[in-house]
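Asks: Mind having a look at this structure? Questions to follow.
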Amino acid sequence: MNTAGRRRIGYSTLVVLLLVFVAAVMASNTLLKGMRLDLTENNLYTLSPGTKSLLAGLDEPINLYLFFSDEETADIPFIRTYEVRVRELLEEMAASSNGMLRLEVVDPEPFSEEEDRATQFGLQPVNLGTLGENVFFGLAGTNGVGDEAAIPFLQPDKEPFLEYDVARMIYSLAHPEKPVIGLLAGVPMSGGFDPTAGRPSSPWVITQQVRQLFEVRTLPSSLESIDADVDVLWLVHPSNLDEKTLYAIDQFVLRGGRALIFVDPLAEIASAAAGPSGFGAANGSNLDRLFDAWGVEFSADQVVVDNVYALSVNTGFGTRPVRHIGLAGLDAQAMDQEDVITAGLETINVGTAGHFTDADEDGGVTLTPLLTSSPEAALMPAARFQFLADPGDLLNDFSPTGERYVLAARLEGPIKSAFPDGPPGDDEAADEDEADAEQNGAEDEDAAPEEAAEAEASAADSDGADEEGEGTDAGGHLASAENVNVVLVGDVDVLSDRLWVQRQSFLGQQLITAFASNGDFVTNALDNLSGSAELIGLRSRATYSRPFTTVEALRREADAKFRATEQRLQAELDETERRLSELQSQRDDATSVLMTPEQQAEIQRFLDQQVRIRQELRAVRRNLDRSIEQLGTTLKVLNIGVMPLGLTLLTLLVFHLRRRHRKGQR
Amino acid sequence: MSGTFAVMRRELLGYFSTPLAYVFIFIFLVLASAFTFYLGNFYERGQADLAPFFTFHPWLFLFLVPALSMRLWAEERRSGSIELLMTLPVTVWQAVLGKFLAAWIFTALAVGLTFPIWLTVNYLGSPDNGVILAAYLGSIMMAGGFLAVGSCLSAVTKNQVIAFILAVLVAVVLLLAGLAIVLDLFAAWAPQPIVDAIASLSFLTHFQSISKGVIDVRDVVYFALLIGFALYANTIILELKKAD
């Protein structure tokens with residue numbers, strides 16, 4: 001072939017090569033999606049399995065709008081760092097949603113349409129930075145049918161729960177209907193008759209609060225089965241439940257229904273509701289029948305007393321408040337900060353609470369504490385509190401055991417039915433099938449009365465998502481479940497108004513102010529339990545921000561070192577100023593306008609001293625930052641200078657040696 | 001393979017017999033750390049990561065790598081030593097690969113010598129060293145991409161300056177393709193897939209996604225494809241020029 005021909009082929013090959021390259025890159029972009037290696041220490045860019053399955057299960061498109069004021073945050077690096085983290089998480093979520101999740105980043109500039117949009121979604125601008133710029137940094141979402149949800153402001157300190165919060169929002173958009181809470185209460189939470197006042201009482205604040213967020217269905221105290229569309233069973237103070245009701249609860253939990261259970265060795269609110277005498281009401285409650293089967297033990301006749309968290313109470317008019325070790329104001333240290341239910345709450349007040357222990361030796365279920373007592377706690381018989389005249393007496397018998405008692409906990413893992421022989425009230429059939437049940441943990445169809453049949457039907461209704469039960473047969477009786485999600489609380493009074501809210505009448509209106517986070521605790525628990533099963537397992541994640549710890553330590557050290565000096569100088573300055581004003585007031589202005597030269601000199605001296613001390617104070621302030629600046633400068637010099645300098649020396653040495661080597665050869 | 005290795009060895013030794021290599025590393029080290037501290041505000045922002053350090057790598061490579069790659073073939077062609085090289089028992093492909101690998105190892109060495117910044121950040125706080133490792137790998141891969149393109153363009157001309165300018169030009173295009181300024185120009189009229197395709201050709205997008213700590217197969221494949229295709233084009237150009 002001639003040269004020209006070869007050239008033509010060569011050039012066309014190059015063009016083809018370029019096109020093939022572009023095509024190959026594009027193909028790899030679509031074909032190799034999702035194959036990645038997350039090298040970050042805490043797998044920051046790897047979504048938890050719960051979130052992934054939630055996203056993969058989306059069947060309606062959901063739009064997310066991340067509102068972030070770009071220009072206003074230009075000099076607020078910590079917000080910008082967090083914005084990158086949020087955006088990347090959202091992008092990651094969008095990438096694993098099969099296109100169902102769309103993300104749009106919006107910059108709501110002042111007086112723009114975008115700003116109006118942000119406000120419409122309920123996003124609130126926050127004043128940040130030195131100039132107090134209005135910064136929008138929130139997330140809003142919409143679904144196909146026009147429902148909206150928003151996180152008004154993404155707080156950097158809530159980062160451990162970022163994935164949970166976003167996933168929860170997506171879940172609520174994908175399932176816009178309000179979750180159904182089945183309330184079965186042994187205390188008049190929904191309002192009742194107040195015997196003391198002789199008139200109907202209003203519902204507890206907690207009930208009202210929960211009603212705003214969920215559909216609350218009040219269940220009768222005796223029931224055959226629990227409707228399948230109930231997402232969470234909220235069981236409060238279950239005393240004297242009959243067998244059938246217990247069986248219904250048992251089966252509900254085994255079917256994958258979630259439950260939030262409040263039991264109490266001594267529910268003071270129950271005796272209060274029963275009347276001034278306190279008789280006639282069951283003060284203690286337990287669910288031992290079910291707890292035994294689940295491998296949990298509850299101290300039904302023992303109250304946890306705590307000397308650290310003890311609250312003070314007024315025993316009567318004109319007396320001094322007394323510490324009541326039976327009442328505890330739990331702080332953040334008593335709460336699990338890793339769990340979304342309790343993280344970030346400030347105080348939870350409990351009254352005469354009981355405690356839970358994991359009685360399951362083989363470790364079938366796991367009991368994860370949510371609320372614990374301090375180590376300075378002990379147990380006292382519940383009867384001791386029944387007619388307690390002076391709570392101060394309790395301290396006389398108090399000797400701490402050093403144990404941290406579990407006051408509230410999550411229960412997870414495989415459990416067995418408390419009714420291995422099938423539904424109660426049908427003894428004959430149960431006997432017949434006992435052997436069968438023991439063998440394969442199942443029940444026969446004949447043994448199942450109508451509620452089991454109902455349960456079966458409802459299990460079929462419940463969109464299959466929560467069917468974790470196994471060992472079922474056609475009759476619908478479940479003998480065991482792979483995994484349950486139950487939250488247990490050893491106190492009922494925690495729900496009562498008197499431990500967390502203040503009601504005030506103001507111009508005929510009821511004003512309610514919360515002084516403890518009891519309400520948030522309950523709504524968090526219900527919110528968490530009513531989410532998808534995957535979301536419940538989502539725990540807090542490690543944070544993205546990694547500050548310079550060395551610099552921070554230096555700052556603390558310098559701070560402490562110089563604060564003393566600063567205080568001394570400030571005192572000196574105060575003293576000088578005091579004397580100066582003294583001297584000035586000594587001036588008898590009324591009689592003489594002019595000052596004596598001595599007075600003038602004195603004042604001048606004081607003024608000079610004042611200037612000197614102010615200068616010194618400024619120097620102290622400067623010193624505070626100097627060590628940090630010095631470290632910065634040292635590091636700059638080391639980093640920029642040392643390597644190149646060493647390299648130069650090395651080069652010179654090498655060339656010098658080479659020259660000598662060559663000379664030597666010659 | 002032995003041919004590739006022989007060429008690579010000869011080239012590598014060649015780097016260190018002239019002051020050029022030291023000047024290159026010197027400039028790279030000074031600029032990389034100066035940018036980190038002064039432009040990137042590494043110390044003032046108080047975050048224990050190397051983001052301000054790696055952000056400037058693409059821009060440093062943009063000028064430094066073409067300076068390194070310009071002489072790869074242009075020099076050989078100008079001095080005529082290419083004739084000698086071609087008479088040796090190595091194929092064109094082996095020679096191309098050998099020279100490229102030598103230059104790549106050399107660049108990797110320069111990047112590796114920035115380790116004091118890694119020591120610094122570990123002293124100042126507890127950084128995510130997985131992210132740093134990924135970013136270093138990404139940086140070296142990106143340098144490989146720049147080099148391959150530069151090597152290919154160096155074969156086009158006998159003039160090193162022209163080779164340099166050509167390489168910078170192409171590298172600028174490859175870098176800028178991922179920037180919002182360029183993408184916005186296309187986004188106004190071109191359909192989204194085309195915009196995405198342009199973005200996917202950019203060094204920046206791929207490097208940034210690696211440097212946040214996630215090694216995505218697509219990013220690795222992109223750089224591998226780029227290096228492979230550029231070097232293949234390099235051999236074709238050499239064959240073409242041989243015909244001159």
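Asks: Among the numbered criteria (1) under 30 Å from B:LYS242 (Cα atoms); (2) at the interface with chain B (Cβ under 9 Å from one of its Cβ atoms), which single criterion is violated by A:ALA4?
Replies: Unmet condition: (2).
Asks: Give me the pairs: first residue in region A:291-320 and over 30 Å from A:ASP250 (Cα atoms), second residue open to solvent by 70 Å² or more (accessible area, probe 1.4 Å), beta-carbon distance under 6 Å, and six or more apart or on different chains, which are they?
Replies: The qualifying pairs are A:ASN307/A:GLU376; A:VAL308/A:GLU376; A:ALA310/A:ARG323; A:SER312/A:PRO321; A:SER312/A:ARG323; A:ASN314/A:PRO321.
Asks: A:ILE79 versus (1) in contact with a helix residue (DSSP H, G or I) (Cβ under 9 Å, 6 or more places away or on another chain); (2) at pLDDT below 80; (3) not in a helix (DSSP H, G or I): which is the lone unmet condition?
Replies: A:ILE79 satisfies every listed condition except (3).
Asks: Which ranges mark the strands (runs of 3 or more DSSP E) fully within region A:316-417 that have 2 or more residues being open to solvent by 10 Å² or more (accessible area, probe 1.4 Å) and in contact with a Lys or Arg (Cβ under 6 Å, 6 or more places away or on another chain)?
Replies: Output list reads A:366-372.
Asks: If we scan region B:48-64, do we find a residue that is within 14 Å of another protein chain (Cβ to nearest Cβ) and under 17 Å from A:GLY641 (Cα atoms)?
Replies: Yes; the residues of region B:48-64 include at least one that is within 14 Å of another protein chain (Cβ to nearest Cβ) and under 17 Å from A:GLY641 (Cα atoms).
Asks: Here's something else I'd like to know. Scanning region A:616-642 for residues that are away from chain B (no Cβ under 12 Å) and open to solvent by 100 Å² or more (accessible area, probe 1.4 Å), which turns out farthest from B:THR36 (Cα to Cα)?
Replies: The residue in question is A:ARG618.
Asks: Listed residues A:GLY531, A:GLY519; which is modelled with pLDDT under 85, open to solvent by less than 10 Å² (accessible area, probe 1.4 Å) and of a type outside the set (D, E, K, R)? Talk me through it step by step, then tell me what you get.
Replies: Values: A:GLY519 fails: modelled with pLDDT under 85.
When all the criteria are applied, what remains is A:GLY531.
Asks: Which is of a type in the set (Val, Ile, Thr), within 15 Å of the chain's Cα centre (by Cα) and open to solvent by less than 10 Å² (accessible area, probe 1.4 Å), of B:VAL111, B:VAL96, B:VAL121, B:VAL149?
Replies: B:VAL111
Asks: Step by step: first the residues of region A:320-378, then only those that are within 24 Å of A:ASP393 (Cα to Cα) and charged (D, E, K, R), then the one that is nearest to the chain's Cα centre (by Cα). Which residue is that?
Replies: The selected residue is A:GLU376.
Asks: Being more than 17 Å from A:GLU148 (Cα to Cα) and open to solvent by 70 Å² or more (accessible area, probe 1.4 Å) is the filter here; which residues of region A:88-109 pass it?
Replies: Of everything in region A:88-109, those that are more than 17 Å from A:GLU148 (Cα to Cα) and open to solvent by 70 Å² or more (accessible area, probe 1.4 Å) turn out to be A:GLU91, A:ALA95, A:ASN98, A:GLU109.
Asks: Could you check how many residues of region A:7-16 are more than 7 Å from every other protein chain (Cβ to nearest Cβ) and either open to solvent by less than 40 Å² (accessible area, probe 1.4 Å) or not polar (S, T, N, Q) (or both)?
Replies: Here the count works out to 5.
Asks: How about region B:26-37: which of its residues are within 8 Å of chain A (Cβ to nearest Cβ) and open to solvent by 50 Å² or more (accessible area, probe 1.4 Å)? Steps first, please.
Replies: Initial filter on region B:26-37 (within 8 Å of chain A (Cβ to nearest Cβ)): B:26, B:29-30, B:33-34, B:36-37.
Matches in region B:26-37: B:PHE26 only.
Asks: Here's another thing I want to ask about it. Would you tally the residues in region B:169-199 being away from every other protein chain (no Cβ under 14 Å), surrounded by fewer than 20 Cβ atoms within 10 Å (Cβ to Cβ) and at pLDDT 85 or above?
Replies: Final tally of qualifying residues: 2.
Asks: Looking only at region A:335-363, filter to residues that are without any contact (Cβ under 8 Å) to a residue 60 or more places away in the chain and not charged (D, E, K, R); which one of those is nearest to A:GLU403 (Cα to Cα)?
Replies: A:MET335
Asks: Could you name every one of the helices (runs of 4 or more DSSP H) located completely within region A:547-666 that has at least 2 residues being modelled with pLDDT under 75 and under 30 Å from B:GLU44 (Cα atoms)?
Replies: Of the helices (runs of 4 or more DSSP H) lying wholly inside region A:547-666, those with at least 2 residues that are modelled with pLDDT under 75 and under 30 Å from B:GLU44 (Cα atoms) span A:549-586, A:597-637.
Asks: In addition: Filter region B:221-237 for residues that are surrounded by 19 or more Cβ atoms within 10 Å (Cβ to Cβ), more than 9 Å from every other protein chain (Cβ to nearest Cβ) and either touching a Phe, Trp or Tyr at 6+ places or on another chain (Cβ under 7 Å) or β-branched (Val, Ile, Thr) (or both) and give the result.
Replies: Scanning region B:221-237 gives B:ILE227, B:LEU231.
Asks: In region B:60-91, what count of residues is obtained for those that are of a type in the set (Val, Ile, Thr) and either within 14 Å of the chain's Cα centre (by Cα) or part of a helix (DSSP H, G or I) (or both)?
Replies: So the first thing to find is which residues in region B:60-91 are of a type in the set (Val, Ile, Thr), and the list is B:65, B:82, B:87, B:90-91.
Cutting the leftovers down to either within 14 Å of the chain's Cα centre (by Cα) or part of a helix (DSSP H, G or I) (or both) gives us B:65, B:82, B:87.
Residues that pass the stated criteria total 3.
Asks: Another one. For region A:643-666, give me the residue count where each residue is open to solvent by less than 80 Å² (accessible area, probe 1.4 Å) and of a type in the set (A, V, I, L, M, F, W, C).
Replies: Within region A:643-666, residues that are open to solvent by less than 80 Å² (accessible area, probe 1.4 Å) and of a type in the set (A, V, I, L, M, F, W, C) number 4.
Asks: Please specify each residue of region A:299-315 satisfying the condition of being within 26 Å of the chain's Cα centre (by Cα) and either open to solvent by less than 20 Å² (accessible area, probe 1.4 Å) or of a type in the set (Ser, Thr, Tyr) (or both).
Replies: If the condition is that a residue be within 26 Å of the chain's Cα centre (by Cα) and either open to solvent by less than 20 Å² (accessible area, probe 1.4 Å) or of a type in the set (Ser, Thr, Tyr) (or both), then A:VAL304, A:ASP306, A:TYR309, A:ALA310 are the ones that fit.
Conditions (1) farther than 25 Å from B:THR157 by Cβ; (2) open to solvent by less than 50 Å² (accessible area, probe 1.4 Å); (3) among the basic types (Lys, Arg), marked per residue:
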position: B:SER2; (1), (2), (3): yes, no, no
position: B:ALA6; (1), (2), (3): yes, no, no
position: B:ARG9; (1), (2), (3): yes, no, yes
position: B:PHE16; (1), (2), (3): yes, no, no
position: B:PHE24; (1), (2), (3): no, yes, no
position: B:GLY40; (1), (2), (3): yes, yes, no
position: B:GLU83; (1), (2), (3): no, no, no
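Asks: Quick check on region A:17-32. Is at least one of its residues of a type in the set (S, T, N, Q), facing another protein chain (nearest Cβ under 10 Å) and open to solvent by less than 40 Å² (accessible area, probe 1.4 Å)?
Replies: yes
Asks: Here's something else I'd like to know. Out of curiosity, is A:LEU64 more than 30 Å from B:GLU239 (Cα to Cα), open to solvent by less than 20 Å² (accessible area, probe 1.4 Å), more than 10 Å from chain B (Cβ to nearest Cβ) and outside any helix (DSSP H, G or I)?
Replies: In short, yes.
Asks: Yes or no: region A:39-53 includes at least one residue that is modelled with pLDDT of 85 or more, open to solvent by less than 40 Å² (accessible area, probe 1.4 Å) and away from chain B (no Cβ under 12 Å).
Replies: No.
Asks: Right, another one. Only one of B:GLY98, B:GLY80, B:GLY40 is free of Cβ contacts under 8 Å to residues at least 24 places away in the same chain, away from chain A (no Cβ under 14 Å) and small (Gly, Ala, Ser). Can you tell me which?
Replies: After ruling out the rest, the residue left standing is B:GLY80.
Asks: Only one of (1) at pLDDT below 85; (2) open to solvent by 50 Å² or more (accessible area, probe 1.4 Å); (3) not basic (Lys, Arg) is not met by B:GLN47, so which one is it?
Replies: All conditions pass for B:GLN47, except number (2).
The values are calculated or read from the model by the stated rules, or taken from the named source; none is laboratory data. The shown structure was predicted, so the numbers you read here are calculated from the model rather than taken from an experiment. For neighbour counting, all protein chains shown are included, and Cβ atoms are generated from backbone atoms with ideal geometry for every residue, glycine included. Quick note on the areas: whole protein, heavy atoms, side chains included, nothing else; ligands and nucleic acids left out. Shrake-Rupley method; radii C 1.70, N 1.55, O 1.52, S 1.80 Å.
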